[in-house]
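The values are calculated or read from the model by the stated rules, or taken from the named source; none is laboratory data. These numbers were taken from a predicted model, which means no experiment stands behind them. All accessible areas refer to the heavy atoms of the entire protein, side chains included, with ligands and DNA or RNA removed. Shrake-Rupley method; radii C 1.70, N 1.55, O 1.52, S 1.80 Å.
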Amino acid sequence: MRTLRIAAGVEAASLVALLGNLLTTHTPAVSALVGPLHGTAYLVVIATAWPVPAAAPSGARWLAVIPGVGGLLALRRIRDRPLGGS
């Protein structure tokens, strides 16, 4: 869960950085550095959300696939899931 939390934060923050760069200076160096970071964080979110037992019945696995904010949505869905319930 800790890895998912970190990756979700990096994914969302890197998306904000990419969009901010696109709307302001559009510096190619920022895109070249932050783009791969965002892509890697996206893949880590999916890879870490999939095996979480609480993710399957809550639909969090499929939320994790949403680019940019999927990790945060999956974390919220997993955290809001009652313990031991369906």
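Across the chain, C-alpha contacts under 8 Å between residues 6 or more apart give a mean separation that, scaled by the residue count, equals a relative contact order of 34 percent. Taking a span of 18 Å or more along the helix axis (Cα atoms) and a mean Kyte-Doolittle hydropathy of at least 0.5 as the rule, the DSSP H helices of the chain that qualify are 2-23, 28-49.
Using the alpha-carbon positions of the chain, Rg (one decimal) and Dmax (whole number) come out as 14.3, 50 Å. Go ahead and estimate [θ] at 222 nm for the chain from helices alone: -39,500 (n - 2.57) per DSSP H run with n ≥ 4, summed, over the residue count, rounded to 500. When only DSSP H runs of four or more count, the value is -23000 deg cm²/dmol. In the chain, carbon and sulfur make up what percent of the accessible area (probe 1.4 Å)? That fraction is 71 percent. Averaged per residue, the chain has 61 square angstrom of accessible surface, using a 1.4 angstrom probe with ligands and nucleic acids left out.
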